[in-house]
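A.B. asks: Please find one structure pasted underneath; my questions will follow.
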Amino acid sequence: MASTVTDRPGYGQLLRTPGAWTFLLPGFAARQPFAMLTIGIVLLVQHTTGSYGSAGAVAAVTGVSMALFAPQTGKLADRFGQRAVLLPGVVAHAASVSALTALALAGAPLWALFLAAVPTGASVPQVGPMVRARWAALLGAAPGRSASPLLPTAAAFESVTDEFTFVIGPVLATALCTGVHPAAGLVTEAALTLLGGLLFAAQHRTQPAVRATTGGPAERHASALSVPGVRVLAVAFLGIGAVFGGMQVSLTAFAEEIGRPGANGLLYGVFAAGNMLAGIACGAIAWKSGPRRRLIAGYTALALTASGLWAVHSVPLLAGLGLLVGLSIAPALISGYTLVESLVPGSARTEAFTWLTGSVALGQAAAVTVAGRLADAHGASTGFLVPLVGTVLALFTLVGLRSRLIPAGKERTVARGVGHREPVTVD
């Protein structure tokens, strides 16, 4: 159930939050390259090897590496500050992408591309989770202050921003790779990462304060993943990653199969636009149902819409169904990120966000590998089975373990002994 947008503060008030614009614009620039990385690797490696399976495998190594290292990056940012992590990270990422590009163009063996893909994924800057952590620090509960009702709006705004990058990024990368040079997408990604990341890191006044640990070893080494609800959300986000990865590879293979490679960017752009539009709506509506219920409802819609992709064989129908899939993703993403705010303490917030981002990357990595091999062996339509299977399995897990998405109560113990405030409504 939803009421009108006037029942609670909206985007206008959110964007008037003092200090918000100082990190929003640099953060937007810094996260643009993220949406270009996977598709840039797929297009370059497929060009140099002639195999979608090999291209998907290299992209998968990058995704797995990011998924494994992203939470550690988030934990370091919580402990030492975002600036201290970003400055060396963006330099390392630009260098790693450059090395991977050079090896691919030189015709290096597949194992060499795998080796280069590891630091490429490990060094991906976690700008999205860092921006979310800054919103949470500005709007979240603190001693003597209750959490702002703008928090769900901020979660929706960030989802819209993420999806806007997924509208621009794949289209830009595809246009560069097909119209300029197969390596142009990755070269641009590396340059934008370096420039945008340095600009974002310079906004140190809005980064969350580094919280000193006063407890014992359990508190100092607490992990957001020790919270049961975070683990359930991580599984749910694996399924969302399966949609992103399966769509990227399968749409690329479909466009090649019908002799219209330029249609790939358009089809993926329509899919991402649906996600963005749904995100805008989710942030503008004053919901009466809690985020847990909205998460399950949104995920059910996602599984249902993804189940028909494999049977569609025309561009208009695929674009239409892709739009519906995109419209179903945003409610699940926004609800998941909103739930994190009530499940983990502020001292582990950036790490919690990076676990979810890493889960998306891991699901995407597995999806591009499987979808790539299915497309090579049996045609593009079989690659669309990956989003179906990924979302259905994740939905079963989400429904079966939904009770773990409810905070235990005021001052409950989370993350191996870290206290937490009274939770917000989640159901």
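The values are calculated or read from the model by the stated rules, or taken from the named source; none is laboratory data. As the structure is a prediction and not an experimental result, all values here were calculated from the model. Note that we place each Cβ from the backbone using ideal geometry, even for glycine, and neighbour counts take in every protein chain shown. Side chains included, ligands, DNA and RNA excluded: accessible areas come from the protein's heavy atoms. Shrake-Rupley method; radii C 1.70, N 1.55, O 1.52, S 1.80 Å.
A.B. asks: Confirm whether Trp135 is part of a helix (DSSP H, G or I) and either in contact with an Asp or Glu (Cβ under 8 Å, 6 or more places away or on another chain) or at pLDDT below 80 (or both). Outline the logic, then answer.
C.D. replies: On the way: part of a helix (DSSP H, G or I): yes; either in contact with an Asp or Glu (Cβ under 8 Å, 6 or more places away or on another chain) or at pLDDT below 80 (or both): yes.
Yes, satisfied.
A.B. asks: So which of Ala352, Ala380, Ala366 ends up being farther than 23 Å from Val312 by Cα and at pLDDT below 85? Steps first, answer last, please.
C.D. replies: Details: Ala380 fails: farther than 23 Å from Val312 by Cα; Ala366 fails: farther than 23 Å from Val312 by Cα.
One residue alone meets the criteria, Ala352.
A.B. asks: Then there's this: Here are some conditions: (1) buried (at least 22 other Cβ atoms within 10 Å of the Cβ); (2) under 20 Å from His181 (Cβ atoms); (3) not β-branched (Val, Ile, Thr). Gly63 meets all but one. Which one does it not meet?
C.D. replies: Among (1) buried (at least 22 other Cβ atoms within 10 Å of the Cβ); (2) under 20 Å from His181 (Cβ atoms); (3) not β-branched (Val, Ile, Thr), Gly63 violates only (2).
A.B. asks: Give me a count of the residues in region 76-100 that are open to solvent by 10 Å² or more (accessible area, probe 1.4 Å) and more than 18 Å from Pro26 (Cβ to Cβ).
C.D. replies: 9
A.B. asks: Can I ask one more? Are there any pairs with C-beta distances below 6 angstrom linking a residue in region 286-314 that is within 30 Å of His378 (Cβ to Cβ) to a residue that is in a loop (DSSP other than H, G, I, E, B), with the two at least 6 apart or on different chains, and if so which?
C.D. replies: Listed by first residue and then by second, the contacts come to Leu309/Phe384; Trp310/Phe384.
A.B. asks: So Leu233 fits all but one of (1) under 16 Å from Ala361 (Cα atoms); (2) hydrophobic (A, V, I, L, M, F, W, C); (3) open to solvent by 10 Å² or more (accessible area, probe 1.4 Å); what number is the exception?
C.D. replies: Only one criterion is unmet by Leu233, namely (3).
A.B. asks: If you scan region 200-228, which residues turn out to be modelled with pLDDT of 75 or more, among the polar types (S, T, N, Q) and in a helix (DSSP H, G or I)?
C.D. replies: Answer for region 200-228, where residues must be modelled with pLDDT of 75 or more, among the polar types (S, T, N, Q) and in a helix (DSSP H, G or I): just Thr206.
A.B. asks: While we're looking at this one, here's another question. Mind listing whichever residues of region 320-345 are more than 19 Å from Arg404 (Cα to Cα) and either open to solvent by less than 20 Å² (accessible area, probe 1.4 Å) or of a type in the set (Val, Ile, Thr) (or both)?
C.D. replies: Those that are more than 19 Å from Arg404 (Cα to Cα) and either open to solvent by less than 20 Å² (accessible area, probe 1.4 Å) or of a type in the set (Val, Ile, Thr) (or both): Gly322, Val325, Gly326, Ser328, Ile329, Ala330.
A.B. asks: Looking at (1) surrounded by fewer than 24 Cβ atoms within 10 Å (Cβ to Cβ); (2) farther than 19 Å from Met276 by Cα; (3) modelled with pLDDT under 85, which is the one condition that is false for Thr73?
C.D. replies: Single failed check for Thr73: (1).
A.B. asks: May I ask you to list the residues in region 16-50 that are open to solvent by 30 Å² or more (accessible area, probe 1.4 Å), closer than 16 Å to Gly372 by Cβ and touching a helix residue (DSSP H, G or I) at 6+ places or on another chain (Cβ under 7 Å)?
C.D. replies: Initially, region 16-50 is screened for residues open to solvent by 30 Å² or more (accessible area, probe 1.4 Å), giving 16, 18-19, 21-22, 25, 28-29, 34, 46-50.
Filter once more, keeping what is closer than 16 Å to Gly372 by Cβ: 46-50.
Within region 16-50, Gln46, Thr48, Thr49 meet the criteria.
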